[in-house]
1. Looking only at the stretch 78-93, filter to residues that are surrounded by fewer than 11 Cβ atoms within 10 Å (Cβ to Cβ) and not acidic (Asp, Glu); which one of those is nearest to Thr28 (Cα to Cα)?
2. Might you check whether a residue that is exposed (fewer than 14 other Cβ atoms within 10 Å of the Cβ) and without any contact (Cβ under 8 Å) to a residue 12 or more places away in the chain occurs anywhere in the stretch 26-34?
3. Scan the stretch 35-64 for residues that are loosely packed, with under 15 Cβ neighbours inside 10 Å, assigned to a strand (DSSP E or B) and in contact with an Asp or Glu (Cβ under 9 Å, 6 or more places away or on another chain) and report the count.
4. Filter the stretch 15-29 down to residues that are more than 16 Å from Thr85 (Cα to Cα) and not charged (D, E, K, R), then give me how many there are.
5. Would you please name the residue that is farthest from Gly57 (Cα to Cα), looking only at residues in the stretch 6-29 that are charged (D, E, K, R) and more than 13 Å from the chain's Cα centre (by Cα)?
6. Go through the stretch 1-34 and report how many residues are of a type in the set (Asp, Glu) and either closer than 16 Å to Asp76 by Cβ or part of a loop (DSSP other than H, G, I, E, B) (or both).
7. Any residue in the stretch 32-39 that is among the hydroxyl-bearing types (Ser, Thr, Tyr), out of contact with any strand residue (DSSP E or B) (no Cβ under 6 Å at 6 or more places or on another chain) and closer than 21 Å to Asn88 by Cα?
Amino acid sequence: MVTEKEAIDRAVSYLEEIGSNYIKDSITIHFNSIEDHDNTVPIGKYEGENFDVYAVGYDIPWAPDVIVYFLYVRADTGELLYIITPTNYIEIE
């Protein structure tokens, strides 16, 4: 299983790779166990499967406020799964 730090590092690396304008000091992380949460993947190659995940939260500026997004990281492998925005899911390929 990857650590919280590894999950954050992978998420931040991806956000920087795609040129996201996320607020760098807004990163949060939450562990969601399949024992406590339904973590069924809603999109992508693992659609319908259920994993332990880290939800890495980050803010995107949206004047005059911010919007919170969550990037989901598979806890056992560190693979990036998808992003949840306020209105939809974004597949990470």
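Please treat every number below as a calculation from the coordinates, not as lab data. Predicted, not measured: the structure shown is a model, and the values here were computed from it. Neighbour counts are summed over all protein chains in view; Cβ atoms, including those assigned to glycine, are modelled from backbone coordinates with ideal geometry.
1. Filtering the stretch 78-93 down to residues surrounded by fewer than 11 Cβ atoms within 10 Å (Cβ to Cβ) leaves 86-88, 93.
In the following step, the residues that additionally are not acidic (Asp, Glu) were identified as 86-88.
Details: Pro86: 17, Thr87: 20, Asn88: 20 Å.
Here the answer is Pro86.
2. No, every residue in the stretch 26-34 fails to be exposed (fewer than 14 other Cβ atoms within 10 Å of the Cβ) and without any contact (Cβ under 8 Å) to a residue 12 or more places away in the chain.
3. Here the count works out to 2.
4. First pass over the stretch 15-29, keeping only residues more than 16 Å from Thr85 (Cα to Cα): 16-17, 19, 24-25.
After this cut, where a residue has to be not charged (D, E, K, R) as well, the list is 19.
Matching residues across the stretch 15-29 total 1.
5. Let us first name the residues in the stretch 6-29 that are charged (D, E, K, R), namely 6, 9-10, 16-17, 24-25.
Retained after the next criterion (residues that are more than 13 Å from the chain's Cα centre (by Cα)): 16-17, 24-25.
Numbers: Glu16: 15, Glu17: 17, Lys24: 11, Asp25: 11 Å.
Result: Glu17.
6. Just the residues of the stretch 1-34 that are of a type in the set (Asp, Glu), to begin with: 4, 6, 9, 16-17, 25.
If we keep only those that are either closer than 16 Å to Asp76 by Cβ or part of a loop (DSSP other than H, G, I, E, B) (or both) too, we end up with 4, 6.
Residues meeting the conditions: 2.
7. Restricting attention to the stretch 32-39, the residues satisfying the condition of being among the hydroxyl-bearing types (Ser, Thr, Tyr) are 33.
Still in the running and out of contact with any strand residue (DSSP E or B) (no Cβ under 6 Å at 6 or more places or on another chain): 33.
Subset that is closer than 21 Å to Asn88 by Cα: none.
For the stretch 32-39, residues among the hydroxyl-bearing types (Ser, Thr, Tyr), out of contact with any strand residue (DSSP E or B) (no Cβ under 6 Å at 6 or more places or on another chain) and closer than 21 Å to Asn88 by Cα: absent.
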